[in-house]
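The values are calculated or read from the model by the stated rules, or taken from the named source; none is laboratory data. Remember, it's a predicted structure, so these values are computed and weren't measured experimentally. Counting neighbours? That spans all protein chains shown, and the Cβs are built from the backbone with ideal geometry, glycine included.
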């Protein structure tokens, strides 16, 4: 049955099935507003958008609509570190304290930079209770992280650094480059590529942003994955996603304070087109249209497995390279062995597949359930259609 939601944009005829699946997401999978984009060998082949930029469904999603992509931001943050490493300015094996001396406190002097990116550092949450406004203070959060001890012996376990990832990696980038993570990303990656993606959104762009629509509450008897993580208020899991308690509330996520701050673990704003453009460059070994992010020799560090198994924060199996999530059985960023990228809470995703030189971006405003945090069914259906069309 044809979708009642107008689908706009361009789609190479070879990928007509993707357009069908995208429309089907609105009819059968609860989509409100969304966009999907794909590049192959740096060339755009899919750039589609549709639906609405508001819960009331009165404002159509536009070509340039921006949306908060939550942890999809982590991949963009990680690219900043990979660029510095490729330039010889950052050594992933060196202690964090080499670049950030204050980080050596509380027994952390030997934690290597790579542990920040592969989630083995034991710094998955801030221990000290935070006030709401602390969330937007780079100095406050990095000071607290520098002074605290790890939640586990670094290197012995891994656990998703849900929000702290961006502050930890971002502070290393800042110490080396002299630029904030958001500034570095804009000047070194997004700007040169002409990618409409931001970590710290200028207020002038607020009119293009769609509010996030929170996922429906679980039905009676359904498993509530988020509630499980919050059961023990003293746990690293609870601290990681609820310190401060207002951290992921809709009034926080949709606020100007959140949009304008630099929270590189969670508050990037992007179009699907921008994600596909960035990951499209990455899939080609770090270069597209004469713009070089890093050299091809750096690419394996992104998709080589660094962490796999039980995740001390999420409480289920995860798998990481240096800064990027990797595929697991049934949760695949493409069918090939070297696909890597990062999903965001609710469904967004950006990833690269070097084997086919595919760059993929998907963004939406209606969050999916917490049970599909690593790969939302809407996105999975699109991925399957993309690779079936190649």
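In the set (1) in contact with a helix residue (DSSP H, G or I) (Cβ under 6 Å, 6 or more places away or on another chain); (2) modelled with pLDDT of 95 or more; (3) buried (at least 20 other Cβ atoms within 10 Å of the Cβ), residue 23 fails one condition alone, (1). Every condition in (1) under 18 Å from residue 122 (Cα atoms); (2) at pLDDT below 95; (3) exposed (fewer than 15 other Cβ atoms within 10 Å of the Cβ) is met by residue 227 except one, and the failing one is (1).
Against the test of being in a loop (DSSP other than H, G, I, E, B), in contact (Cβ under 8 Å) with a residue 24 or more places away in the chain and more than 30 Å from residue 115 (Cα to Cα), the options 54, 47, 27 yield a single qualifying residue, 54. Number of residues in the range 321-333 that are on the phi > 0 side of the Ramachandran plot and crowded, with 23+ Cβ neighbours inside 10 Å equals 1. When you scan the range 347-357, do you find a residue that is crowded, with 24+ Cβ neighbours inside 10 Å, in contact with a helix residue (DSSP H, G or I) (Cβ under 8 Å, 6 or more places away or on another chain) and on the phi > 0 side of the Ramachandran plot, even just one? Taking every residue of the range 347-357 in turn, at least one turns out to be crowded, with 24+ Cβ neighbours inside 10 Å, in contact with a helix residue (DSSP H, G or I) (Cβ under 8 Å, 6 or more places away or on another chain) and on the phi > 0 side of the Ramachandran plot.
Checked across the range 141-159, the condition of being assigned to a loop (DSSP other than H, G, I, E, B) and either at pLDDT below 95 or within 18 Å of the chain's Cα centre (by Cα) (or both) holds for at least one residue.
The condition (being touching a residue at least 24 places away in the same chain (Cβ under 8 Å) and closer than 30 Å to residue 366 by Cα) is satisfied by just one residue among 73, 142: 73.
Residue-by-condition table, conditions (1) closer than 23 Å to residue 334 by Cβ; (2) surrounded by 14 or more Cβ atoms within 10 Å (Cβ to Cβ):
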| residue | (1), (2) |
| --- | --- |
| 209 | no, yes |
| 238 | no, yes |
| 246 | no, yes |
| 273 | yes, yes |
| 279 | yes, yes |
| 306 | yes, yes |
| 311 | yes, yes |
| 317 | yes, no |
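If the condition is being surrounded by fewer than 19 Cβ atoms within 10 Å (Cβ to Cβ) and in contact with a strand residue (DSSP E or B) (Cβ under 8 Å, 6 or more places away or on another chain), then the range 197-207 contributes only 205.
Any residue at all in the range 276-291 that is on the phi > 0 side of the Ramachandran plot, touching a residue at least 12 places away in the same chain (Cβ under 8 Å) and in contact with a strand residue (DSSP E or B) (Cβ under 7 Å, 6 or more places away or on another chain)? Yes - at least one qualifying residue is present in the range 276-291. Can you pull out every residue in the range 103-117 that is in contact (Cβ under 8 Å) with a residue 12 or more places away in the chain and surrounded by fewer than 24 Cβ atoms within 10 Å (Cβ to Cβ)? 105, 106, 107, 109, 110, 111, 112, 114 - these are the residues of the range 103-117 that are in contact (Cβ under 8 Å) with a residue 12 or more places away in the chain and surrounded by fewer than 24 Cβ atoms within 10 Å (Cβ to Cβ).
If you go through the range 160-195 and pick out every residue that is over 15 Å from residue 99 (Cβ atoms) and either in a helix (DSSP H, G or I) or in contact with a strand residue (DSSP E or B) (Cβ under 7 Å, 6 or more places away or on another chain) (or both), you end up with 15. Listed by first and then second residue, the pairs linking a residue in the range 202-215 that is assigned to a helix (DSSP H, G or I) to a residue that is modelled with pLDDT of 95 or more and surrounded by fewer than 18 Cβ atoms within 10 Å (Cβ to Cβ), with Cβ atoms under 6 Å apart and 6 or more places separating them unless they lie on different chains, are 208/64.
Within the range 367-387, being outside any helix (DSSP H, G or I), touching a helix residue (DSSP H, G or I) at 6+ places or on another chain (Cβ under 9 Å) and either touching a residue at least 60 places away in the same chain (Cβ under 8 Å) or on the phi > 0 side of the Ramachandran plot (or both) holds for 368, 369, 373.
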